[in-house]
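The values are calculated or read from the model by the stated rules, or taken from the named source; none is laboratory data. Predicted model, so just to flag it, every value in this text is computed and none were measured. Ideal geometry is used to build each Cβ from the backbone, glycine not excepted, and the neighbour counts take in all protein chains shown.
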Amino acid sequence: MKKVLFIAYHFPPIAGGGTFRSLKFVKYLPEFGWMPTVLTTNSKTSWAYDYELLKEIPSDVKILRAPEINLFYLQVFLSKIGLSKLYRKLKDHFFIPDEKIGWLPLAYNQAIKELKKEKYDLIFSTSPTPCAHLLALKLKRRFDLPWLCDFRDYWTTHFTYPYKNTIRYQIEKLMEKSFFKSAATITVVSNGMKSDFLHVIDKSFIKVIPNGFDEEIKDKSSHSQSVFNILYTGTFYGHYNPDIFLKTLLKIVRENPDIGKNIHLEFIGSYSKDLQRIFDSYKSEFNIDYTPFKSPTQLNEYFERAVVLLTILPGEAHYKSYLPAKMFTYLPKQKPILAIVPEGETKNILVQSGLGFCANPNSQKEIEFQILNLYNQWKTSQLTVNANIKYIQQFHRRNLTKQLAKVFNQIVKEKY
């Protein structure tokens, strides 16, 4: 069996969206002839942990947990003595490429020991954090191993990148270019992301391996719940917010008071105090609850009682290529998905899946139509979906890992 050094900062027991791509690849790679050794952190300062996820790691997979110089404690200390602005200046000017830089030297030393001790065929790294790619680049150069560089998200090419026109931007741009130049293959999570990268680098070996789900596709739900439950899972930040959805729903229930009595909204994720206050401001109009992060197992009961699953993307053109991870979590549930999303990949997948009830985030009229459409179908016991199971099945994590293993095999074949 071939061996891959699998570098992933976000890995169980750390939870959250970025963890699952790495975990599921590691879970299924041995089925396709690749044994991973995972190099990750031992940090205890993540915002979410789920120790149940550790059970999914095959018993013969080696996990190397490198300690780090954790800058979180510096942030806490400076904040306590009233120097929060100093920390922000240090972060902006010296913590390059990000605050995980304290992990890099200790992880590098651990990786060197492992690569001297065992023979490996390939290095894989995934970002965020870009520190994972810096580490992989150093190891590739030292041990002359082929390297696959996986981007779960944009870096300097992201339209919200905060350091444009600064020295830091020039430094990070050079780092990113060195990744593109030195990696044998680049993998990304969407076709739109691939197109954006091709504007920056002229490489034909950018492969698209999207995120996915790891469960059996459920039988169709009867949607016989006595309350019209709408469920959203995941965080909101920046342009990601439920504002247009909540304002549209408020308009509906004020014009149709009976609807307000039958609707229950559930938001599950890590929400800021400001957003919690916004949620609370709507409680006099309709039933709305927000709950902290839940593990996949804990989420099952919420999915079971949900009538409609909600996903939201901002309406700006930049988001046409975005594929939110929650969408793939929703697909195997075979429930209607209220998708407030722009034209683009997310909408295309949801339409082809047979589950999407789509509305443009810039059109309150479309959003209102779809909410009322779903509600009226539910009220008359006519709400159903015609799921395209064959299409949905391609996003199972096992099938996606099979694609990754094929890329691994091609890289090694070309190398040797």
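Determine, yes or no, whether Ser195 is polar (S, T, N, Q) and at pLDDT 95 or above. So Ser195 fails the test. Put simply, of Lys402, Lys413 the only residue that is basic (Lys, Arg), part of a helix (DSSP H, G or I) and without any contact (Cβ under 8 Å) to a residue 40 or more places away in the chain is Lys413.
If a residue has to be assigned to a helix (DSSP H, G or I), β-branched (Val, Ile, Thr) and within 28 Å of Lys140 (Cα to Cα) to count, how many in region 75-115 make the cut? Residues flagged as assigned to a helix (DSSP H, G or I), β-branched (Val, Ile, Thr) and within 28 Å of Lys140 (Cα to Cα) within region 75-115 amount to 2. Only one of the listed residues (Lys347, Lys320, Lys283, Lys335) is over 24 Å from Ala48 (Cβ atoms), surrounded by 22 or more Cβ atoms within 10 Å (Cβ to Cβ) and out of contact with any Lys or Arg (no Cβ under 7 Å at 6 or more places or on another chain). That residue is Lys335.
Is it true that some residue in region 382-393 is at positive phi and either among the polar types (S, T, N, Q) or outside any strand (DSSP E or B) (or both)?
Of all residues in region 382-393, those at positive phi come to none.
Scanning region 382-393, I find no residue that is at positive phi and either among the polar types (S, T, N, Q) or outside any strand (DSSP E or B) (or both), so the answer is no.
Counting only helices (runs of 4 or more DSSP H) that fall entirely inside region 236-311 and contain at least 3 residues that are β-branched (Val, Ile, Thr) and not assigned by TED's automatic domain parsing to the domain that holds Arg21, the qualifying elements are 243-255. The single condition from (1) surrounded by fewer than 17 Cβ atoms within 10 Å (Cβ to Cβ); (2) part of a helix (DSSP H, G or I); (3) charged (D, E, K, R) that Arg65 fails is (2).
Residues checked against (1) charged (D, E, K, R); (2) closer than 30 Å to Glu316 by Cα; (3) touching an Asp or Glu at 6+ places or on another chain (Cβ under 7 Å):
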site: Ile123; (1), (2), (3): no, no, no
site: Leu139; (1), (2), (3): no, no, no
site: Asp144; (1), (2), (3): yes, no, no
site: Trp147; (1), (2), (3): no, no, no
site: Phe151; (1), (2), (3): no, yes, no
site: Trp155; (1), (2), (3): no, yes, yes
site: Asn165; (1), (2), (3): no, yes, no
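Identify the residue in region 89-113 that is out of contact with any helix residue (DSSP H, G or I) (no Cβ under 9 Å at 6 or more places or on another chain) and not polar (S, T, N, Q) and, among all such residues, is surrounded by the most Cβ atoms within 10 Å (Cβ to Cβ). Before the answer, list the steps.
Step one: list which residues in region 89-113 are out of contact with any helix residue (DSSP H, G or I) (no Cβ under 9 Å at 6 or more places or on another chain), which gives 89, 105-106, 109-110, 113.
Those left that are additionally not polar (S, T, N, Q): 89, 105-106, 113.
Numbers: Lys89: 11, Pro105: 13, Leu106: 15, Lys113: 10.
Within region 89-113, the match that is surrounded by the most Cβ atoms within 10 Å (Cβ to Cβ) is Leu106.
If you check Leu404, Leu383, Leu372, Leu400 for being touching a Leu at 6+ places or on another chain (Cβ under 7 Å) and either modelled with pLDDT under 95 or of a type outside the set (Gly, Ala, Ser) (or both), only one passes: Leu383.
Taking the criterion of being hydrophobic (A, V, I, L, M, F, W, C) and over 21 Å from His396 (Cβ atoms), the residues of region 307-341 that qualify are Val307, Val308, Leu310, Ile312, Leu313, Ala317, Leu338, Ile340, Val341.
Could you identify the single residue in Asn229, Asn211 that is under 17 Å from the mean Cα position of the chain (by Cα), at negative phi, touching a residue at least 60 places away in the same chain (Cβ under 8 Å) and outside any helix (DSSP H, G or I)?
Numbers: Asn229 fails: under 17 Å from the mean Cα position of the chain (by Cα).
So the residue among Asn229, Asn211 that is under 17 Å from the mean Cα position of the chain (by Cα), at negative phi, touching a residue at least 60 places away in the same chain (Cβ under 8 Å) and outside any helix (DSSP H, G or I) is Asn211.
Output the residues belonging to region 358-416 that are surrounded by fewer than 16 Cβ atoms within 10 Å (Cβ to Cβ) and of a type in the set (Val, Ile, Thr). Correct list: Thr380, Thr384, Ile389. Beta carbons closer than 9 Å, at least 6 apart along the sequence or on distinct chains, pair a first residue in region 160-182 that is farther than 20 Å from Leu137 by Cβ and of a type outside the set (Ser, Thr, Tyr) with a second that is surrounded by 13 or more Cβ atoms within 10 Å (Cβ to Cβ) and at pLDDT below 95 for Pro162/Asp92; Lys164/Thr156. If you check every pair at least six apart or on different chains, which have Cβ atoms under 6 Å apart with a residue in region 353-379 that is closer than 14 Å to Leu310 by Cα first and a residue that is of a type in the set (Lys, Arg) and crowded, with 21+ Cβ neighbours inside 10 Å second? Within 6 Å, no pair qualifies. Output yes when any residue across region 155-163 is buried (at least 17 other Cβ atoms within 10 Å of the Cβ) and at pLDDT 95 or above, and no when none is. No, there is no match, as no residue in region 155-163 is buried (at least 17 other Cβ atoms within 10 Å of the Cβ) and at pLDDT 95 or above.
Table: residues versus (1) of a type in the set (Asp, Glu); (2) modelled with pLDDT under 90; (3) closer than 20 Å to Lys3 by Cβ.
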position	(1), (2), (3)
Lys80	no, yes, no
Leu86	no, yes, no
Leu104	no, no, no
Glu118	yes, no, yes
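Checked across region 80-88, the condition of being touching a helix residue (DSSP H, G or I) at 6+ places or on another chain (Cβ under 7 Å) and without any contact (Cβ under 8 Å) to a residue 12 or more places away in the chain holds for at least one residue.
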